[in-house]
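Inspection log for the structure reproduced underneath, given as structure tokens.
Rule-based calculations on the coordinates, nothing more; no lab input. Fair warning: this is a prediction, and the values are worked out from it, not measured in the lab. Backbone-built Cβ (ideal geometry, glycine too); neighbour counts: all protein chains shown.
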Amino acid sequence: MRFTRSAAVLAASLAIAEAQTFTDCNPTEKKCPADTGLPSDAFISDFTDGKGASTSWSAAAYSTINYGSQGAEFAISQPKQAPTIETDFYMFFGRVDVRMRAAAGTGIVSSIVLESDDLDEIDWEFVGGDTAQVQSNFFGKGNTTAYDRVEYIPVSNPQEEFHTYSIDWNSDRLNWIIDNKIVRTLTYDDPLTVGGKNYPQTPMRVKLGNWCGGCKGMAKGTVEWSGGPTTFENAPYTMYVESVRIQNANPADSYEYGDMSGSWESIDIIKGGKQSQPSGEVTPSKASVTQTSAPTKAHTVSKVDKTEAAVTLTGKYTMNGTMTGSHQAGGVKTSVVQATTQVPGAQPTDGNSPGGISPGSGSGPSPSSSAPPSTGAAAAQGVMGSSLGLGLLFSFLLL
């Protein structure tokens, strides 16, 4: 099944956001704690190696992630499930490569989302019934006044084949890439960014998730956008993530907003207690990496809370060209400021009612390319929107 852009826009105009993405502290509104940074040039999680790949990742409430030969398994076998994880650290410009296979199933949405505390967002979203294309989307500062930023990109059998979906991002331009081929470019001065105001440009975390846009209780527009009502005769519907590679253009112990402008130039990079200005350049292609591995059995994590702890990286990573062992960011005490998505009715598998919070983006209406999880996406608050992103994803996830 193929979904047209006009159909998605129509769905967005009909749906009332099922989930709201928001941030614990929006730096464009008040002074917020610093964000824990990735102190190395690059970071890799190989979810197929069976031991410890969840290091430096946290799962949303009631998310159970299993690990097998095809990597991390984000499975949905019943309503109210929306397995989602996010990095414990932020990156600031660079590149993210996710090798994955999207989940099949009518109404099922798989998402890759980058999201910041001030609700900048970059998305890849996959609708389970659409076997020929993927949606690319972005948002700036939680602006959901228009849902015209999505572009549909052709891709072969995303629910049957593994592909590498990448985001290559700097202060001047943003590329969406599939299997090392650029399929979309957004420049800072593109009309869609409204003079750069809506261009994503602040430190972000990476969020991965799978959610049900066609489940009972979702807005009509969201159900239509996601392909229709979901049934579970053929469940589980599983999104597989083989590996994630993050190249960070501005390694740091932490990132701090110098003012409330939300501009990339205002971000202070803290290393060893010393402050420096960011580079808008993209990460060098030959960055060294941090290697982590995954647990050998199902791993369930309670909802991600705001914590006072620096990110701990296990394995090897490179910082300024020097190889070292395990590292705990130091110099500045930072707090992981979590962007969360609130999903109504989220429930643990045993039916007990959870807190309804999940990683996402935004304190205001923030549409994303997918409806409920916005592993970044943003669903508009009181606004019609089904084009939410992972943010939405999280939202559902949270649904």
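According to a simple spin-label model (label point 7 Å from Cα along Cα-to-Cβ), what is the distance in nm between Lys216 and Val194?
Label at Val194, label at Lys216, 3.9 nm between them.
Assuming R0 = 22 Å, what is the FRET efficiency of Asn234 and Gln70, from their Cβ-Cβ distance, to the nearest 0.05?
0.75
For region 29-175, with the dipole built from +1 on Lys and Arg beta-carbon atoms and -1 on Asp and Glu ones, taken about the Cα centre, which of Trp57, Ser40, Ser77 lies farthest toward the positive end?
Ser77
What's the center-to-center distance, using Cα atoms, between region 142-170 and region 219-246 in Å?
15 Å
Among the GluC sites (Glu not before Pro) within region 68-161, which fall in a DSSP loop and have no more than 14 other Cβ atoms within 10 Å of their own Cβ?
Sites meeting the loop and neighbour criteria: Glu160, Glu161.
Taking the number of other C-beta atoms within 10 Å as the exposure measure, put Phe232, Phe74, Phe92 in order starting with the fewest.
Exposure proxy ranking, most exposed first: Phe232, Phe92, Phe74.
Where in region 111-139 is the amide nitrogen less than 18 Å from a point lying 7 Å along the Cα-to-Cβ axis of Thr145?
So the set is 119-121, 138-139.
Kindly provide the GluC sites (Glu not before Pro) of region 176-279 that DSSP labels as loop, not H, G, I, E or B, and whose Cβ sees at most 11 other Cβ atoms within 10 Å.
Here the GluC sites (Glu not before Pro) that fit, given the DSSP loop and packing criteria, are Glu233.
Given labels modelled 7 Å from the Cα in the Cβ direction, how far is it in nm from Lys274 to Glu160?
About 5.6 nm, to one decimal.
Would you kindly state how much longer the chain becomes between Gln78 and Lys30 on full extension, computed as 0.36 nm times their sequence separation minus their alpha carbon distance, in nm to one decimal?
13.3 nm
Quick check: pseudo-label points 7 Å beyond the Cα along Cα→Cβ at Thr185 and Arg173, how many nm apart are they?
Simple spin-label model gives 0.3 nm for this pair.
Under the Kirkwood approximation for Rh and a Cα-based Rg, what ratio Rg/Rh is obtained for region 79-179?
Taking Rh as the inverse mean 1/r over Cα pairs, Rg/Rh reads 0.95.
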